[in-house]
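Visitor: Sharing a structure with you now.
Laboratory data are not the source of any read-out in this text; all were calculated from the coordinates shown. Being a predicted model, the structure only gives us computed values, none of them experimental. Here the Cβ is made from the backbone with ideal geometry for all residues, glycine too, and neighbour counts use every protein chain on show.
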Amino acid sequence: MTKLEIRVVMPYHLQTLAKVGAEIVLEVEQPVTPSTVLDALESSYPMLRGTIRDHLTKNRRPMLRFFACEKDISHEPANTLLPDAVKSGAEPFIIWGAVSGG
Amino acid sequence: MSSVRVLVGTAKGAFILTSDGKREKWSIDGPLFAGWTIYHMKASPIDPNRIYASQCSDWFGQVIQRSDDGGKSWQQPGGEPVPEMGAMPTGVSNKFVYEGDVGSHMSFDGTPHPWAFKRIWHLEPSLWDSEVVFAGAEDAALFRSNDGAMTWNEFPGLRKQRGSEWQPGAGGLGLHTILLDPSNPLRIYVAISAAGAFRTDDGGSTWKPINRGLRSKYIPDPDAEIGHCVHRLALHPSRPDVVFMQLHWNVMRTDNAGDLWTNISGNLPTDFGFPIEVHAHEPETIYVVPIKSDSEHFVHEGKLRIFRSRTGGTEWEPLTKGLPQRDCYVNVLRDAMATDSLDSCGIYFGTTGGQVYVSPDGGDNWKAIVHDLPRVLSVEVQTLA
């Protein structure tokens, strides 16, 4: 199955760690889910391993949130299919820090 | 001519302060890793260009950084691109995994809480091999890397010392002090808030609590074998069996590698505090920063005073020249004091108000190197030829 180009937006601290800009484009294996997007992200930017999800359990770090198409999908299962707008590249998959202090 | 390099970790980045041996004029580089919390930076004593840094965040977790050029450039030891065609970097240098069935420790409320890695509080490079570095973790554990901080392995024997009963101090269940014995590579001292002090004599396979003589009125059994909130340990390399301790309350010393501790608080105005340091050339000269209390984490009477004992404790004198003596309410955290080894020993400390002070004459006179950094978490000093 062909890979899809997925836009990913990350918070400032992860941009500086990965030495990238605010948005990057990743080639992601289908089905496109939070899990497969993060697999592709960590494969391309291994310095991000452990910063978004746990090394072993692959659970999302508690103070991070995943957004897509103006919805908070943080609590959806990691293998949930992302919306078509994300798959088509019309909308990004957004990784963001939870709003909890300075 | 000799020079010094001061490594400062703060709540929002790292700074490197440099000066020649006079320690009068300073240059300040930073912030490095801006926006990230830098718990600690420390250089290898045998390769001064190699510096390790613990970079962390409640949001994004733990990252280890390493410089091999004295802090000019930095890399994640396991995350840099590998030069071979087609090879992928492994990105493992921020991976700290406890060995075996981790079980639980006690929480603040006395209930079991699963062991979980949060951050590295302290990095201690080996005295003998620049590729070897130790890391003290929260939740409390000791890790070692043999490959320049690329990969890490735990010493699980430490947590077997009744780890299920350890409880966090106010700052967390952190292993914050790692002392290597220069005369014996197999001996390591560590301290954990709030479990106590421990020692290995076989390179880390087995450990024993070394808390006899400590008395902590805030735990059910004040003389318990474990459970003491040790804040910091320090030793002089010429006498590694003599260890000084800032306990939660009380300043202590042992002359037999921790087998028995005695109280040396003496005439201190308050014996609560965090850091403790030993003069580079005078093994009986020690420094502490008395803090008002465990409820009021600021200096006593609004005066920033370092206390020095030239007698190995008990008799203390306040050092105030150049330090604010009114309306001062900062704290000095446990890893935020250090010494250089120039002929006239320099003493350095950083405050929660963002000041870094230096005394180039063993504490007699003080001067602020910088006034307005973020909250200072750690200070280490390199003496460079």
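Visitor: Which residues does a label at B:Ile46 reach in the stretch B:351-385, if reach means a backbone N under 19 Å from a point 7 Å past the Cα toward the Cβ?
Guide: What the label zone holds, given the 19 Å backbone N cut-off, is B:382-385.
Visitor: What is the ratio of the Cα radius of gyration of the protein assembly as shown to 2.2 N^0.38 Å, with N the residue count, to two decimals?
Guide: In units of the globular-protein estimate, the protein assembly as shown measures up at 1.01.
Visitor: State the volume of the convex hull built on the alpha-carbon positions of the stretch B:134-283, expressed per residue in Å³ and rounded to an integer.
Guide: 113
Visitor: So what's the stretch B:313-367 giving for Cα Rg divided by 2.2 N^0.38 Å, two decimals?
Guide: Relative to the 2.2 N^0.38 Å estimate, the stretch B:313-367 comes out at 1.15.
Visitor: Cross-link list B:Lys12/B:Lys217; A:Lys58/B:Lys208; B:Lys25/B:Lys292; B:Lys217/B:Lys367; B:Lys25/B:Lys95; B:Lys25/B:Lys72: which exceed 30 angstrom alpha carbon to alpha carbon?
Guide: B:Lys12/B:Lys217; A:Lys58/B:Lys208; B:Lys25/B:Lys292; B:Lys217/B:Lys367; B:Lys25/B:Lys95
Visitor: Ok, one more. Specify the angular offset, from 0 to 90 degrees and rounded to the nearest 10, of the alpha carbon long axis of helix A:34-44 from the longest principal axis of the alpha carbons in chain A.
Guide: 80
Visitor: What FRET efficiency do you get for B:Asn365 and A:Leu81 if R0 is 51 Å and r is their Cβ-Cβ distance, rounded to the nearest 0.05?
Guide: 0.15
Visitor: Moving on. In µm²/s, what is D for the stretch B:16-172 at 20 °C and 1.002 mPa s, where D = kT/(6 pi eta Rh) by Stokes-Einstein and Rh is the Kirkwood radius from Cα pairs?
Guide: Roughly 125 µm²/s, to the nearest whole number.
Visitor: If I model chain A as equal point scatterers sitting on the Cα atoms and use the Debye formula, what is log10 I(q)/I(0) at q = 0.13, 0.21, 0.22 Å⁻¹?
Guide: One equal scatterer on each Cα of chain A leads to -0.41, -1.15, -1.28.
Visitor: Using helices alone, what [θ] at 222 nm do you get for chain B, with -39,500 (n - 2.57) per DSSP H run of 4 or more residues, divided over all residues and rounded to the nearest 500?
Guide: 0 deg cm²/dmol
Visitor: Above 20 Å lies some portion of the pair distances; for the stretch B:235-311, what is it as a whole percent of all C-alpha pairs?
Guide: Of all Cα-Cα pairs in the stretch B:235-311, 29 percent lie more than 20 Å apart.
Visitor: Order of B:Asp109, A:Asp54, B:Asp202, B:Asp335 from fewest to most other C-beta atoms within 10 Å?
Guide: B:Asp109, B:Asp202, A:Asp54, B:Asp335
Visitor: Let me ask another. Which of the lysines could a cross-linker bridge to A:Lys87, judged by Cα under 17 Å and excluding same-chain residues fewer than eight apart?
Guide: A:Lys3, A:Lys71
Visitor: How long are the three semi-axes of the equivalent ellipsoid for chain B, computed from the Cα gyration tensor as the root of 5 times each eigenvalue, in whole Å, largest first?
Guide: Equivalent ellipsoid of chain B: 29, 27, 19 Å, largest first.
Visitor: In the neighborhood of A:Ile24, defined by Cβ-to-Cβ distances under 14 Å, what is the net charge if each Lys or Arg adds +1 and each Asp or Glu adds -1?
Guide: Surrounding charge for A:Ile24 is -2.
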